[in-house]
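J.: Have a look at this one.
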Amino acid sequence: GQQLNQSPQSMFIQEGEDVSMNCTSSSIFNTWLWYKQDPGEGPVLLIALYKAGELTSNGRLTAQFGITRKDSFLNISASIPSDVGIYFCAGPVFDSGGGADGLTFGKGTHLIIQP
Amino acid sequence: DSGVTQTPKHLITATGQRVTLRCSPRSGDLSVYWYQQSLDQGLQFLIQYYNGEERAKGNILERFSAQQFPDLHSELNLSSLELGDSALYFCASSRSSTYGYTFGSGTRLTVV
C-alpha cells in the first residue's frame, strides 16, 4: 500500500528556532494534510494542500505540496513551547475503483523544545 | 473540545473479552471514521461509515466490527481481544467525504 515516510523521527530544538520536517512517498498523492497530536488528544488538522506546488500558511506554520506530488514539507517559524507534540503528514488512499479508503498517515515527527 | 465525543476514555479488559467503543460525531457530520494508533504501527485506518452505511474498509481485523446508527453515532466492537489489540482507538468525523477530519480524544484500550 501507499506509505508515507516522515523525517526526522524526532527533533530537539531550542525555543525560538525554526523547524523544518518533511514527508515523502513512492506514490503520487493528490492531497497532503498535516496534523498535530498533543499528548492524550486526537490529531488536529493544521494545513491541507490540494495542488502541486501549493504553498499554504497558517500563522507560524507553512506547508508546501511538492511539485512531483510525492512529497510535502512543513515549516514552523520561531517555535514556542506549545508547538511540542507529534506532527503527522497524511494523504488519502484510494481503492481500485477510485473510492476513498481513508487516510494513510506517516509515523510522525516528535518535536521537543528545550527551554 | 473538538465536537467529536468518544467514550469511554480508558478501558482495561482481559484477553478473550469483547468491548464496545462509542463515538458521537460533530453535529452535522455524516461520515465517521475509526482509526487505531499503536506505537509500532502508527495511525491505521480501520473503517468508514457514511450516513449509516459502510463506505470503506481498511486494516480492520475480522474480530472487529462497527456500525453507524440512525442518529449517526457509531460503535466499534472488538471481540476475542488479544494483548496486541492494546492501543488508542480514535473516531473522526467529517461533513462529507472530505479529508479535513475532526478527531475525538480517543479511547485507550489496555488488554491484560
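The values are calculated or read from the model by the stated rules, or taken from the named source; none is laboratory data. Source: prediction; values computed, not measured. Positions of Cβ are backbone-derived with ideal geometry, glycine not excepted, and every protein chain shown enters the neighbour counts.
J.: Scan the stretch A:66-95 for residues that are within 13 Å of chain B (Cβ to nearest Cβ) and of a type in the set (A, V, I, L, M, F, W, C) and jot them down.
T.: Applying the first criterion (within 13 Å of chain B (Cβ to nearest Cβ)) to the stretch A:66-95 yields A:86-95.
Result: A:Ile86, A:Phe88, A:Cys89, A:Ala90, A:Val93, A:Phe94.
J.: Here are A:Ala78, A:Ala52: which of them is over 30 Å from B:Cys23 (Cβ atoms), at pLDDT 95 or above and part of a loop (DSSP other than H, G, I, E, B)?
T.: Working: A:Ala52 fails: at pLDDT 95 or above.
Criteria check complete, one pass: A:Ala78.
J.: How many of the residues in the stretch B:85-111 are at negative phi and either in a loop (DSSP other than H, G, I, E, B) or of a type in the set (Ser, Thr, Tyr) (or both)?
T.: So the count comes out to 16.
J.: If you go through the stretch A:87-104 one residue at a time, do you hit one that is modelled with pLDDT of 95 or more, part of a strand (DSSP E or B) and surrounded by fewer than 19 Cβ atoms within 10 Å (Cβ to Cβ)?
T.: no
J.: Taking the residues in the stretch A:31-43 that are touching a Gly at 6+ places or on another chain (Cβ under 7 Å) and either away from chain B (no Cβ under 14 Å) or under 17 Å from A:Gln6 (Cα atoms) (or both) as candidates, determine which candidate is surrounded by the fewest Cβ atoms within 10 Å (Cβ to Cβ).
T.: The first filter runs over the stretch A:31-43 and keeps only residues touching a Gly at 6+ places or on another chain (Cβ under 7 Å), leaving A:31-33, A:36-38, A:42.
Pick out the ones that are also either away from chain B (no Cβ under 14 Å) or under 17 Å from A:Gln6 (Cα atoms) (or both) and you get A:31-33, A:36-37.
Numbers: A:Thr31: 19, A:Trp32: 30, A:Leu33: 25, A:Lys36: 21, A:Gln37: 22.
Per the criteria, the residue is A:Thr31.
J.: For the stretch B:50-89, name all the residues that are among the basic types (Lys, Arg) and either under 13 Å from the mean Cα position of the chain (by Cα) or within 13 Å of chain A (Cβ to nearest Cβ) (or both). Break it down into steps so the answer makes sense when it comes.
T.: Of the stretch B:50-89, the ones among the basic types (Lys, Arg) are B:55, B:57, B:63.
Of everything in the stretch B:50-89, those that are among the basic types (Lys, Arg) and either under 13 Å from the mean Cα position of the chain (by Cα) or within 13 Å of chain A (Cβ to nearest Cβ) (or both) turn out to be B:Arg55, B:Lys57.
J.: Any residue in the stretch B:75-87 that's over 12 Å from B:Thr13 (Cα atoms): show its pairings with residues that are of a type in the set (D, E, K, R) at Cβ separation under 7 Å, as long as the two are six or more apart or on different chains.
T.: B:Glu75/B:Arg22; B:Asn77/B:Arg18
J.: Where residues in the stretch B:43-84 are assigned to a strand (DSSP E or B) and in contact with a Gly (Cβ under 7 Å, 6 or more places away or on another chain), which of them is surrounded by the most Cβ atoms within 10 Å (Cβ to Cβ)?
T.: At the first step, the residues of the stretch B:43-84 found to be assigned to a strand (DSSP E or B) are B:43-50, B:53-57, B:64-68, B:74-78.
Among the residues that remain, those that are also in contact with a Gly (Cβ under 7 Å, 6 or more places away or on another chain) are: B:44-48, B:56, B:68.
On the way: B:Gln44: 17, B:Phe45: 23, B:Leu46: 21, B:Ile47: 23, B:Gln48: 27, B:Ala56: 20, B:Gln68: 23.
It comes out as B:Gln48.
J.: What residue, among those in the stretch A:44-84 that are touching a Lys or Arg at 6+ places or on another chain (Cβ under 7 Å) and closer than 23 Å to A:Phe12 by Cβ, is surrounded by the fewest Cβ atoms within 10 Å (Cβ to Cβ)? Talk me through it step by step, then tell me what you get.
T.: In the first step, residues of the stretch A:44-84 are kept if they are touching a Lys or Arg at 6+ places or on another chain (Cβ under 7 Å); the result is A:44, A:46, A:52, A:65, A:76-78.
Pick out the ones that are also closer than 23 Å to A:Phe12 by Cβ and you get A:44, A:46, A:76-78.
Details: A:Val44: 15, A:Leu46: 18, A:Ile76: 23, A:Ser77: 14, A:Ala78: 11.
Among residues in the stretch A:44-84 that are touching a Lys or Arg at 6+ places or on another chain (Cβ under 7 Å) and closer than 23 Å to A:Phe12 by Cβ, the one surrounded by the fewest Cβ atoms within 10 Å (Cβ to Cβ) is A:Ala78.
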